[in-house]
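The values are calculated or read from the model by the stated rules, or taken from the named source; none is laboratory data. All values derive from a computational prediction rather than experimental measurement. Using ideal geometry, Cβ is built from the backbone for each residue, glycine included, and neighbour counts are taken over all protein chains shown.
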Amino acid sequence: MSEVRPQSAAGELKRHWPTLAGATLGAAFGTAALPFYTAGLFITHLQSDLGWTRSQLTAIGLATTLLLAVCAPFGGALFDRYGVRGPAAIGFIALAGNFLFMSQVGDSLLIYAVVHLALAPLSLATGPIGLTRPVNMAFDRMRGLALGITIGGIGAMAAIAPPIVGELIESQGWRASYRTLAWVVLLVGPLSLALLSWRPPTLKEGRPAPMASQSGGGFLRTWLFWRLALAFTLVALSVAGFVTHFVPMLTDEGMPPLQAARIAGLLGVAVLIGRLGVGYVVDHVFAPLVAAGVMLLTAAGLVMLAVGGPAFAAPGALAVGLAMGAEVDLIAYMTARYYGMARYGRMYGLLYGAFLIGTGSSPYIIALIQERAGSYTPALWLSAGMLTASALLFVTAPRFDARSSQAKSVAPPEPAATRT
């Protein structure tokens, strides 16, 4: 297999910037970003016009998250075998189809649930599990930063989409806004795929990643896999729910809603900082140590909130956003370093599935704790404890490769014209 990987970070970027641009664009308009960060804008309209309740809509959202968690490893294995561009094309069509369906939806909650659940798994390749694969294949020296930029596209959409879509709903109505979103996906999706197909990256044969030699399901019987799965699940359980509950937590303590909303805006800032900053640092510092440090900082922020209340709202928001911003990057980076690219999709799918379960469950668990205790304080302490436990799991993780931090895995041959 010919050598195509540049030996410097600058060389990697010069050669593979289209891959990075395509993956970032796809992630920003894919299933983990555009529909997720605009869904809340439509809830009140679906309630008033169709008679659905928030609990019904959020229950379907939780069911969708759990379904994606189950499908993630199977989708990842599919991407390992057939590449990402074909499944991503199907995914963008499915995502646009879902928006078009919502523009015409009637008042049958059952039909809404069935269509939503049926189309969601088809769009997996337009999320991190699919789009981080070509980035991992293209970049080695600046892999962490490249992954941070890719996942940062999701954070950028979180900041940009809500005000724009909110204005669309006000001027066009919610049904017309759904149609607009569908056309946007149909326009941006092909551009993302075109960038991904230009100079498709290939892998160099070299030293295998630590777990690359595991055959079949052998990696599932290793303590490393369960260590990583448990650590990422604990992080998701600890912080994901506070993204939803942050404003109610502050208003319960007497903070004016507008002030609480402004402070909550720091979450998005911290998510971007976490993705880009952590991505850059892991290119120079052992990634599990970076993960442990981030989780301890986040735990400290939650303790400050538990002890000091709204007076520490700003550092608390930054802490929660930092962890949420770092986690998806870290899953992608550690999966590639520990397991190589031959089984990247399958392994990422398993770990990302664990993350999704924690993410989907966290808001509900925190709500239950708050209802029983009459306060968010117990949930803050519990989350700080779980983050500390995750830091211990990370800090004791084994090295990727004691011989070389730039070791590559041996991947199966890929038809260069058809796979990314």
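I'd like to check something: does the stretch 59-80 contain any residue that is without any contact (Cβ under 8 Å) to a residue 12 or more places away in the chain and either under 19 Å from the mean Cα position of the chain (by Cα) or under 30 Å from residue 363 (Cα atoms) (or both)?
Yes, the stretch 59-80 has at least one match.
Return yes or no: is residue 356 crowded, with 20+ Cβ neighbours inside 10 Å, assigned to a helix (DSSP H, G or I) and assigned by TED's automatic domain parsing to the domain that holds residue 226? So residue 356 passes the test. When the stretch 46-57 is filtered for residues that are in contact (Cβ under 8 Å) with a residue 40 or more places away in the chain and surrounded by fewer than 16 Cβ atoms within 10 Å (Cβ to Cβ), the ones remaining, listed by number, are 49, 50, 51, 56. Within the stretch 90-131, the set of residues being polar (S, T, N, Q) and more than 17 Å from residue 34 (Cα to Cα) comprises 104, 108. I'd like to know if the stretch 307-327 contains one or more residues that are of a type in the set (A, V, I, L, M), under 20 Å from residue 70 (Cβ atoms), surrounded by 24 or more Cβ atoms within 10 Å (Cβ to Cβ) and out of contact with any Leu (no Cβ under 7 Å at 6 or more places or on another chain). No, every residue in the stretch 307-327 fails to be of a type in the set (A, V, I, L, M), under 20 Å from residue 70 (Cβ atoms), surrounded by 24 or more Cβ atoms within 10 Å (Cβ to Cβ) and out of contact with any Leu (no Cβ under 7 Å at 6 or more places or on another chain). If you check 164, 151, 169 for being touching a Lys or Arg at 6+ places or on another chain (Cβ under 6 Å) and modelled with pLDDT of 80 or more, only one passes: 151. Against the numbered list (1) at pLDDT 85 or above; (2) surrounded by 15 or more Cβ atoms within 10 Å (Cβ to Cβ), residue 223 comes up short only at (2).
Among the residues of the stretch 241-258, those that are aliphatic (A, V, I, L, M) and modelled with pLDDT of 80 or more comprise 249, 250, 255. The sole residue among 118, 156 that is touching a residue at least 12 places away in the same chain (Cβ under 8 Å) and part of a helix (DSSP H, G or I) is 156.
Which count do you get for residues in the stretch 20-53 that are closer than 27 Å to residue 352 by Cβ and in a helix (DSSP H, G or I)?
Within the stretch 20-53, the subset closer than 27 Å to residue 352 by Cβ is 20-43.
With in a helix (DSSP H, G or I) added as a condition, the list becomes 20-29, 34-43.
Final tally of qualifying residues: 20.
Could you check the stretch 121-145 and list, in sequence order, the residues that are in a helix (DSSP H, G or I) and surrounded by fewer than 22 Cβ atoms within 10 Å (Cβ to Cβ)? Correct list: 121, 122.
Counting only residues that are out of contact with any Pro (no Cβ under 8 Å at 6 or more places or on another chain) and either touching a residue at least 60 places away in the same chain (Cβ under 8 Å) or not in a helix (DSSP H, G or I) (or both), the stretch 249-268 holds 4 of them.
Just one of the listed residues (320, 294) is within 17 Å of residue 376 (Cβ to Cβ) and in a helix (DSSP H, G or I), namely 320.
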